[in-house]
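Working notes, beginning with the structure itself.
The values are calculated or read from the model by the stated rules, or taken from the named source; none is laboratory data. Everything numeric in this text was worked out from a predicted model, so none of it was measured. Every residue, glycine as well, gets a Cβ built from its backbone with ideal geometry; the counts of neighbours run over all protein chains shown. What goes into the accessible areas is simple: the full protein's heavy atoms, side chains included, and nothing from ligands, DNA or RNA. Shrake-Rupley method; radii C 1.70, N 1.55, O 1.52, S 1.80 Å.
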Amino acid sequence: MSGSGFFSSKAFAVVGASADRAKYGNRVLRWYIDNKLPVTPINARAEGEIEGLASVKSLGDLQKAQQEQGGGVPLSVSVSVITPPQVSQRVVEEAAALGIRHMWFQPGSEPEALDQLGEKYGIQVIGSGPCILVEGERMLLAQEARL
C-alpha cells in the first residue's frame, strides 16, 4: 500500500525507539523531532525518557496515556516500527486491536506477509523498502501540499 495518509495523523510513535544514538530506533525518533512532529518513543525495556521525551513500553500504554489526557479510541497515531520481524508481527496485532490505521515498517523490520497482514487488519502499511530517513521528508511535503 502507498504511504498516503501516514502523515495525516496528528501524532506519531516509534516502536523500537532507542536511547543509543547510533541505532536506527534513535535516528528515526530524531527524524520526527527534527521535523517538529509530535512523537512518542516506545521501547518495552526503556524507562523514563529517550531524547528528552517520555517513553512508554507499548502501544497499549500509549493509548492509556492518551485516554488520560482526554484522547479517544481508536488510538489516533501513525506508527514507525524498528523491531525484529518476529516482534513486528506482535506490534501489528496490537495496533490492529487498538484501531491504528497507519504503520511504516523500516527496512528489515517487516514481518512475513506484511501486505496481507495490513489487508487482514485494515492497516495501511509501508514496508519492503522505503526508509523514513530517506523518503520521509518527500512524503511529508507531499501530504502538506494536499492540505
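Per the conditions (1) open to solvent by less than 40 Å² (accessible area, probe 1.4 Å); (2) assigned to a helix (DSSP H, G or I), the sole criterion not satisfied by residue 100 is (2). Checking each residue in region 103-123 for being open to solvent by 40 Å² or more (accessible area, probe 1.4 Å) and within 17 Å of residue 8 (Cα to Cα) picks out only 122. Restricting region 3-24 to residues that are in contact with a Ser or Thr (Cβ under 9 Å, 6 or more places away or on another chain) and small (Gly, Ala, Ser) leaves a set whose member that is farthest from residue 53 (Cα to Cα) is 5. Would you check which residues across region 16-55 are assigned to a strand (DSSP E or B), in contact with a strand residue (DSSP E or B) (Cβ under 7 Å, 6 or more places away or on another chain) and either open to solvent by 30 Å² or more (accessible area, probe 1.4 Å) or under 21 Å from residue 137 (Cβ atoms) (or both) and list them? Passing the criteria: 39, 40, 41, 53.
Would you be able to say whether some residue in region 63-78 is among the charged types (D, E, K, R), open to solvent by 40 Å² or more (accessible area, probe 1.4 Å) and in a helix (DSSP H, G or I)? The answer is yes; a qualifying residue exists. For region 128-140, the criterion of being open to solvent by 20 Å² or more (accessible area, probe 1.4 Å) and either assigned to a strand (DSSP E or B) or of a type in the set (S, T, N, Q) (or both) is met by at least one residue.
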